[in-house]
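Read through the structure below, which is laid out as structure tokens, and then see the notes.
The values are calculated or read from the model by the stated rules, or taken from the named source; none is laboratory data. Given the structure is predicted, the values throughout are model-derived calculations rather than measurements. Note that each Cβ is placed from the backbone with ideal geometry, even for glycine, and that neighbours are counted across all protein chains shown. In case anyone asks, the SASA skips ligands and DNA or RNA and just uses the protein heavy atoms, side chains included. Shrake-Rupley method; radii C 1.70, N 1.55, O 1.52, S 1.80 Å.
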Amino acid sequence: MEESKIMAKGDRDRLSHLPDKVLLHILSMLPEGKEVVRTSVLSQRWRVLWRSVAVSLNFGVPNNPSNERSKKELLTFVASTSRELHYWRSYGKIKAFRVFPFRYKYYIVKDVDFWVHFASKVANVEEFTLKFACVSFPDFAYKFPQFAFKNTTLRNLVLDNCQLNPSGSVNWSSLVSLSIGHLKLTDSVLEKILSGCPNLESLELDSVLGISRLEISSVKLRKLIILNDENDRCNKWHEEDTNSLEIIAPYIRNLVLSGFFYDEIRLHESNVASLVTAVLHFNVDFIEFEDEKEKLEEECRYLKELLLSVAHVKNLELGPLCIECFPILELRGWQSPQSSCKFLKLNAALKHLDFAGIYSLLQSSSDVETLIIDWKNHKPIDRLLSYTNEVEQVRRFETHNGNCSLPHLKTIKFSNFLGSLSGIKFVLLLVKYLLKNATVLEKLVIAAGFIGNDVSRDKMEQTFLSFPRSSPHASIVFSHP
């Protein structure tokens, strides 16, 4: 009995016997500053150890959809945040400060100014996040204070629903990543901001209005993300205040266009000549065209130009709209240029337009080495369906089945595939087609959840395994959730 007590006591002390370097590393892994402070009660040694750790302060809930909180709740949150920051004023190692108020009102401006001052002038944090829930009109948003446009310690800055209008020059000389969302900007203001970020590597614009030309001349800025969430409640004023955007960024290597756009984003291959990775996962609705046929004509024209501008990239990811428009363009006589991509990811639905689009894309992607098809729960666009039908696409596929060569394709993965009877015929045809044309294939992975009992699942797997394979090294692997 006595021996077990001694062993238990030894076990409790074992952590404290670790070197300071190891303990500090453990403490640095804690996500919240409060959790780090709580370790001070563990022992005499821990009482001062936590003060050597760079902490992160987080207030509020990220991506909180609730904007209907009462004034009392807002004031309580603001007062609590400001009060706690006063306790941290003398702490010398705060690496990140993130605050997510559920909305902005004019009567909390002094507190928010205090938060920004704390981050940029007192704590000199490397990462600062200030994200409000959406406002009715962008002119009612919080005005980011002028003093905060000069800071040499920030490396990562995230601002949402804030007005940015620097009166003088901007100096964010250490900034590496900038994300701004749900605001209006002018071309000149954005140019001024970017000119003050000489070391910026990543820029994210989320539902940013007012800009018509984005010119990035920095050789260090390599990643550009442009987002616009279709379900975002802030977008109710986007439709009335939108314009096309031209991107001139000869040095960026990674481009993401995602969401729902009411006007076109114009690229030209010469303006994105260094691009290596492109993600085009968006939908468009050119609201200036009331006639559905005219709208489809314009959208097809736009997508054709966009796909031409990224034909040189090595990694390409496409969403359902791009995939579904491919067979329509092909039916009109457009021949897709040969793509240079080696990694191709297609976010598709189990619909005949997606199936035909995948086939059309593969016809122009003979260099691809890795193919990932991620099935999405996506509703086809009605105006696209009027141009083609399921029977016609299956017939075209069977007619041209032998006209494609995939001499470099080594890895194929189907993910999130639900093996129901409604979609399985398309997948069976596609798998058979790929196994026939991928002459150096090494692995085909089907990550699927099959509807039915074990007998029907085994039968379906046997059907896949029975298809002839051009590559003698090809294996088929099934993965079930």
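Could you sort H268, H117 by accessible area so the largest value comes first, with the probe set to 1.4 Å?
Details: H268 105, H117 75 Å².
I get H268, H117, largest accessible area first.
Could you compute the FRET efficiency for K314 and Q163, with r as their C-beta to C-beta distance and R0 at 45 Å, rounded to 0.05?
Working: r = 39 Å, r/R0 = 0.86.
E between K314 and Q163, to the nearest 0.05, is 0.70.
Proximity of backbone amide H atoms, modeled 1.01 Å from N, is registered between F282 and G259, G319, L321, C322 at under 5 Å, excluding neighbours fewer than 5 places apart on the same chain.
Suppose accessible area is computed on protein heavy atoms with a 1.4 Å probe; arrange C341, C134 from highest to lowest. Write out the running numbers ahead of the final one.
Working: C341 0, C134 25 Å².
Ranked from most to least accessible, the order is C134, C341.
Legend: residues Y91, Y106, sorted from most to least accessible area (1.4 Å probe; ligands, DNA and RNA excluded), read Y106, Y91. Once backbone amide H atoms are built at 1.01 Å from N, D206 has I180, G181, H182, L227 as its partners under 5 Å, excluding neighbours fewer than 5 places away on the same chain. Rounded to the nearest 10 square angstrom, C162 shows an accessible area of 0 square angstrom against a 1.4 Å probe. The simple spin-label model puts a point 7 Å past each Cα toward its Cβ; for E294 and Q146 those points are separated by 4.7 nm.
Could you tell me the center-to-center distance, by alpha carbons, between the range 147-222 and the range 312-346 in angstrom? Value for the Cα centre distance between the two parts: 32 Å.
Greater than 23 Å separation of Cα atoms is the criterion. Which listed pairs, K342/K413; K95/K121; K71/K184; K436/K459, meet it? Long pairs (Cα-Cα over 23 Å): K71/K184. Spacing of the modelled spin labels on S174 and E201, each 7 Å from Cα toward Cβ, amounts to 1.5 nm.
For K110 and Y87, FRET efficiency with R0 = 25 Å and r from the beta-carbon atoms, rounded to 0.05? Before the final figure, lay out each step's value.
Details: r = 19 Å, r/R0 = 0.75.
Once the sixth-power term is evaluated, E becomes 0.85.
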